[in-house]
Structure formats: structure tokens, C-alpha cells
């Protein structure tokens with residue numbers, strides 16, 4: 001059975017409660033937490049892909065203003081979804097979790113072929129991460145109740161785009177947790193420990 005990894009994108013203080021607050025993101029916190037708990041119990045890697053911008057330098061600031069500056073509270077994962085020992089944290093400075101990061105190398109070393117992608121925003125960072133996953137040959141699963149955008153229209157547009165152009169499996173948290181329970185890491189190929 002293919003090895004899975006759970007990716008949580010930008011569930012940070014600045015995106016949920018701060019500078020670029022998305023009020024709609026509060027509704028996906030419980031579903032992401034459920035996916036995280038299931039993944040940890042089953043030995044499926046949990047990977048946090050977080051904006052960690054350089055102060056007064058990143059080109060994204062020209063579009064969004066200063067946000068998620070590395071080392072600040074705004075760039076930390078919200079308390080409800082905090083990483084734990086054994087989880088992986090991949091800082092990023094652009095929309096895609098793959099761009100100029102070591103995510104692909106980490107996944108290949110764990111022999112992961114299926115990514116469960118969650119977080120924000122369906123039509124931006126989730127979209128660009130899914131595109132780069134597709135280009136690299138990963139299968140992607142998007143639990144539609146564990147991703148969110150700034151509006152319902154943007155969220156729905158993002159989901160349709162991911163399905164149409166990257167053949168993402170648009171699913172639900174309930175279905176994905178069932179799949180995770182059936183697809184945990186085997187004794188022969190355990191999840192690496194940090």
C-alpha cells in the first residue's frame with residue numbers, strides 16, 4: 001500500500017487570528033486536528049509547511065504586506081494544532097510548500113507517494129503545493145472540509161481547479177481518516193523518528 005503523509009499548510013497565528021486573519025479558517029481547525037491525531041496514532045508523518053518570511057525582504061510583502069515573519073508569534077502554528085515531537089516543520093517563503101524547500105527530499109527519504117493536503121488557502125498555497133506535488137508524481141488527497149479560502153467562491157473554485165488540472169482526490173475528513181487507518185506505515189518501512 002502506498003505510504004502517506006499529512007501536510008498542514010499555514011495554520012499560523014497571522015493567517016487564523018492575526019495580520020491576514022481568515023475567519024473562515026476557524027471551521028477547519030477541528031477537522032485538521034482529527035487528521036493529525038489519526039496520523040500520529042498510525043505512524044503517518046505529519047508535516048507542517050509554514051510561511052517563515054525574512055523581515056523587510058520577501059517579495060510576497062509587496063502583495064500581502066508583512067506577515068508570518070520568521071521567529072515571530074505570527075509565524076507560529078496556532079495553539080490548537082501545535083506540532084509535537086516527531087512531526088516535521090518545513091519553512092517556506094513562497095506559496096508552494098515545495099518551492100526552494102527540502103519537502104520533496106524529506107518525502108522521498110520516507111518513501112511517501114500520497115499527500116493529504118490541508119490548511120490555507122484552497123486557491124493559493126494549497127493550489128500551488130498541489131501543483132508542485134503533481135509535477136513531482138505524488139498522488140494528492142484534499143479533504144474539502146480541512147482546507148479553506150477567504151470566501152466560499154474562492155474555496156469552491158480552488159477545489160474544482162485541483163480536481164480538474166491535478167487530478168486531486170477531493171474527499172472528506174471522515175473518508176480520509178478511514179484510509180489513514182488502513183494505510184499506516186509498515187514494520188518494514190516505519191516512519192523515521194526525529
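The values are calculated or read from the model by the stated rules, or taken from the named source; none is laboratory data. Nothing here was measured: the structure is a model prediction, and the numbers come from that model. Cβ: placed from backbone, ideal geometry, glycine included. Neighbour counts: every protein chain shown.
Is it the case that residue 62 is at pLDDT below 95 and in a helix (DSSP H, G or I)?
Details: at pLDDT below 95: yes; in a helix (DSSP H, G or I): yes.
Yes; evaluated as a whole, the condition is true for this residue.
Yes or no: segment 45-55 includes at least one residue that is at pLDDT 95 or above, in a loop (DSSP other than H, G, I, E, B) and out of contact with any helix residue (DSSP H, G or I) (no Cβ under 6 Å at 6 or more places or on another chain).
Within segment 45-55, the subset at pLDDT 95 or above is 45-50.
Of the ones still in play, those that are also in a loop (DSSP other than H, G, I, E, B) are 45.
Cutting the leftovers down to out of contact with any helix residue (DSSP H, G or I) (no Cβ under 6 Å at 6 or more places or on another chain) gives us 45.
Yes, some residue in segment 45-55 is at pLDDT 95 or above, in a loop (DSSP other than H, G, I, E, B) and out of contact with any helix residue (DSSP H, G or I) (no Cβ under 6 Å at 6 or more places or on another chain).
Criterion first (assigned to a helix (DSSP H, G or I) and either out of contact with any helix residue (DSSP H, G or I) (no Cβ under 6 Å at 6 or more places or on another chain) or surrounded by fewer than 18 Cβ atoms within 10 Å (Cβ to Cβ) (or both)) does residue 164 satisfy it? Don't jump to the end; show me each part of the working.
Details: assigned to a helix (DSSP H, G or I): yes; either out of contact with any helix residue (DSSP H, G or I) (no Cβ under 6 Å at 6 or more places or on another chain) or surrounded by fewer than 18 Cβ atoms within 10 Å (Cβ to Cβ) (or both): yes.
For residue 164, the condition - assigned to a helix (DSSP H, G or I) and either out of contact with any helix residue (DSSP H, G or I) (no Cβ under 6 Å at 6 or more places or on another chain) or surrounded by fewer than 18 Cβ atoms within 10 Å (Cβ to Cβ) (or both) - is met.
Please specify each residue of segment 25-42 satisfying the condition of being crowded, with 16+ Cβ neighbours inside 10 Å, out of contact with any helix residue (DSSP H, G or I) (no Cβ under 7 Å at 6 or more places or on another chain) and in contact (Cβ under 8 Å) with a residue 60 or more places away in the chain.
Passing the criteria: only 28.
Here are the criteria: (1) under 17 Å from residue 120 (Cα atoms); (2) in contact with a strand residue (DSSP E or B) (Cβ under 6 Å, 6 or more places away or on another chain); (3) not in a loop (DSSP other than H, G, I, E, B). Tell me which single one residue 83 does not satisfy.
(3)
May I ask you to verify whether residue 47 is under 14 Å from residue 121 (Cβ atoms) and either more than 13 Å from the chain's Cα centre (by Cα) or surrounded by 16 or more Cβ atoms within 10 Å (Cβ to Cβ) (or both)? So that I can check it myself, show each step before the final result.
Numbers: under 14 Å from residue 121 (Cβ atoms): no; either more than 13 Å from the chain's Cα centre (by Cα) or surrounded by 16 or more Cβ atoms within 10 Å (Cβ to Cβ) (or both): yes.
No, not satisfied.
Which of the numbered conditions does residue 12 fail, given that it passes all the others? Conditions: (1) in contact (Cβ under 8 Å) with a residue 24 or more places away in the chain; (2) surrounded by fewer than 24 Cβ atoms within 10 Å (Cβ to Cβ).
The one condition residue 12 does not meet is (2).
Out of 153, 100, which single residue is in a loop (DSSP other than H, G, I, E, B), without any contact (Cβ under 8 Å) to a residue 40 or more places away in the chain and surrounded by fewer than 14 Cβ atoms within 10 Å (Cβ to Cβ)?
Details: 153 fails: in a loop (DSSP other than H, G, I, E, B).
Just a single option satisfies the conditions, and that option is 100.
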